[in-house]
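What follows is a set of notes on a single structure, which appears directly below.
The values are calculated or read from the model by the stated rules, or taken from the named source; none is laboratory data. Just so you know, these numbers come straight off a predicted model, no measurement behind them. Backbone-built Cβ (ideal geometry, glycine too); neighbour counts: all protein chains shown.
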Amino acid sequence: MNLTVNIGNGIFHNPVCVASGTFGYGSEYESLIDLNKLGAIFTKAVTLEPRTGNEIPRIIETPSGILNSIGLANVGVKRFVQEKISFLEKLPCATVVNVAGSTENEYIEVIKNLENCKSIWGYEINVSCPNVKHGGLAFGTNPFQIENLTKLLRQATPKPLIIKLTPNVTDITTIAKAAQDGGADAVSCINTLIGMVIDTQKKVTVLPMKTGGLSGPAIRPVGVALTYKVSRAVSIPVIGIGGIMDADDAIQYLLAGASAIQVGTGNFVDPSMAVNVLEGIKKYSERENINSINEFHSFIQ
């Protein structure tokens, strides 16, 4: 089977990746999993300046998932280049840096600081961040801002550019089309859903920030449905994310129209989950006489 996935001018050797925010900078899992078997590592978010993140607790369990409010805690782009790239450049799998910012200029500056790192395959743009110049509204909820931001970032790099879509909008397809019109090479579908948990005894929200991002098996049906919608609204590849815990979950995304998938919360349950998912996709493809990733897209109309 041909497992390769083409995105812009780049190639994943296979469609199974690990999601940003669930795999650190890669080295954290070095002793737990064969990193050579991954299609790509999507790093935790990198911002222009270091961020300490939100108050604790930052993660709580929910039925069939978790709610997180990390606050994009990270070392900042300069320390990322100084301390993290040296490990990532040794890996044969693609390194996709998740980029975040509060203004368009911050996104641009992060990419400018990373462009000389030859080992960086491309960028996944986290547009769930608040645009402080527009009243704190997340970039990802406004198609005009998405298209403009994508155009600016397209001018800043020739490397593959992936826009990570938020599901917390009325029509995700308008956002996906805006990303495509701005020059994106692919979209990731989806980021976390907004959720809240309240301690009924203390009568307070469990997370200090009140709401957080819901991930895990609870959101898989939403992710599959939105991947189906988005893949039919755009001509660029869609990377499916949300609640993938085994090969069958991943195959649902591929059948829905995804060209690749990301294992996220599942990495916390079983660090070897991504490798197991890949083996399951191979076995399914052999059994069903599927010879390439694109062939998955022909079954569901």
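Find the residue count for region 100-140, including only residues that are touching a Ser or Thr at 6+ places or on another chain (Cβ under 8 Å), surrounded by fewer than 21 Cβ atoms within 10 Å (Cβ to Cβ), within 23 Å of Ile70 (Cβ to Cβ) and at pLDDT 95 or above.
The number of residues fulfilling the criteria is 1.
Whether any residue in region 230-242 is under 29 Å from Ile56 (Cα atoms), at pLDDT 95 or above and outside any loop (DSSP other than H, G, I, E, B) is what I want to check.
Within region 230-242, one or more residues are under 29 Å from Ile56 (Cα atoms), at pLDDT 95 or above and outside any loop (DSSP other than H, G, I, E, B).
Hey, can you tell me all the residues within region 111-128 that are more than 18 Å from Ile41 (Cα to Cα) and either of a type in the set (Ser, Thr, Tyr) or touching a residue at least 24 places away in the same chain (Cβ under 8 Å) (or both)?
Selection gives Lys112, Asn113, Val127, Ser128.
When you check Val97 against the structure, is it buried (at least 16 other Cβ atoms within 10 Å of the Cβ), of a type in the set (Val, Ile, Thr) and without any contact (Cβ under 8 Å) to a residue 60 or more places away in the chain, yes or no? Before the answer, list the steps.
Numbers: buried (at least 16 other Cβ atoms within 10 Å of the Cβ): yes; of a type in the set (Val, Ile, Thr): yes; without any contact (Cβ under 8 Å) to a residue 60 or more places away in the chain: yes.
So Val97 passes the test.
What are the residues in region 25-52 that are surrounded by 17 or more Cβ atoms within 10 Å (Cβ to Cβ) and assigned to a loop (DSSP other than H, G, I, E, B), if any?
Within region 25-52, Tyr25, Gly26, Ile33, Leu38, Gly39, Thr43, Lys44, Ala45, Thr47, Leu48 qualify.
Being surrounded by fewer than 21 Cβ atoms within 10 Å (Cβ to Cβ) and not aliphatic (A, V, I, L, M) is the filter; apply it to region 84-94 and report the residue that is nearest to Val16 (Cα to Cα).
Pro92
Can you spot a residue in region 146-159 that is among the hydroxyl-bearing types (Ser, Thr, Tyr), over 18 Å from Asn74 (Cβ atoms), at pLDDT 95 or above and crowded, with 20+ Cβ neighbours inside 10 Å?
Here is the first cut: in region 146-159, the residues among the hydroxyl-bearing types (Ser, Thr, Tyr) are 150, 157.
Cutting the leftovers down to over 18 Å from Asn74 (Cβ atoms) gives us 150, 157.
If we keep only those that are at pLDDT 95 or above as well, we get 150, 157.
From what's left, crowded, with 20+ Cβ neighbours inside 10 Å: 150.
There is at least one residue in region 146-159 that is among the hydroxyl-bearing types (Ser, Thr, Tyr), over 18 Å from Asn74 (Cβ atoms), at pLDDT 95 or above and crowded, with 20+ Cβ neighbours inside 10 Å.
Among the residues of region 76-117, which ones are hydrophobic (A, V, I, L, M, F, W, C) and touching a helix residue (DSSP H, G or I) at 6+ places or on another chain (Cβ under 7 Å)?
Val77, Val81, Phe87, Leu91, Cys93, Val97, Val99, Ile108, Val110, Ile111, Leu114, Cys117
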